[in-house]
1. So which of Arg124, Arg143 is assigned by TED's automatic domain parsing to the domain that holds Met223, more than 21 Å from Asp228 (Cβ to Cβ), modelled with pLDDT under 90 and basic (Lys, Arg)?
2. Output the residue which, of all residues in the stretch 99-117 that are of a type outside the set (S, T, N, Q) and farther than 17 Å from Asp228 by Cβ, is modelled with the lowest pLDDT.
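The values are calculated or read from the model by the stated rules, or taken from the named source; none is laboratory data. Just so you know, these numbers come straight off a predicted model, no measurement behind them. Quick reminder, even Gly has a Cβ in these numbers, built from the backbone with ideal geometry, and neighbours come from all protein chains shown.
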Amino acid sequence: MSERILDAIPEQRRAAGVVLARDLMRYLLSGRFAPGQKIPSERQLTEELSAGRSAVREALKSLSLLGLVEQRVGDGTYLARSSSELLPQAIQWGLLLEGQDAVQLVEVRRHLEVWAARLAAERRTDEQVDRLRTVIGVGPESRRTGTAGEQPVAVEVSDRSLHEVVAEMTGNAVLVNLLNTLRSLLQVDSSTVRAHARRRADGDQELLRAIEQSGLDAAGAAMATHLDDCLHPVPEGSYSRPGV
């Protein structure tokens, strides 16, 4: 299953992006900037790193995705406020993703998501079940149409929300943070790891039904099927926004 989500892209292009993002990370974590401080503009970073502006912009997006920087519309980019000593290591891990590293991360994430679904079935509250209904499109406040004209971005947002609600149901903050980190790490380089939302409404409802009925095994199996349905390769140049 895991190998299906990897796209073959030119190694030279991928390596250049990884190197620049790594250089930018080291520059920002060198001690020049305090947590929460505004960092130089794209133009200034272009000069500092001797790189193209578009390449710097993409590197900033990668670091933003992992939480190292916060991009504020109309106000610039700020170094994140984080006291975690593991953050630089986690960021570098994500930036170095390629080939088998990504496969291994997907494998870990898959097992954790299945375990989370089992815990969710055991610990969920009625309020959380109602929110899950809304997210997958069967609740009274659902915004998903389920039609062929549904926008890909809407599917992406709702699918990520599905995983977030299920994780929250576990009541385990460590597991929630771990899954959030894994999802972010796998989105750092969308040209290396692509997840496309090929959703099955009946599969989502199977997951909902299993959690609602406190069926641990059924919930785990439904989540495994859900991940298999959602993760598959997307040809380069076609629409792809990782959402799961």
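1. So the residue among Arg124, Arg143 that is assigned by TED's automatic domain parsing to the domain that holds Met223, more than 21 Å from Asp228 (Cβ to Cβ), modelled with pLDDT under 90 and basic (Lys, Arg) is Arg143.
2. In this case the residue turns out to be Gly99.
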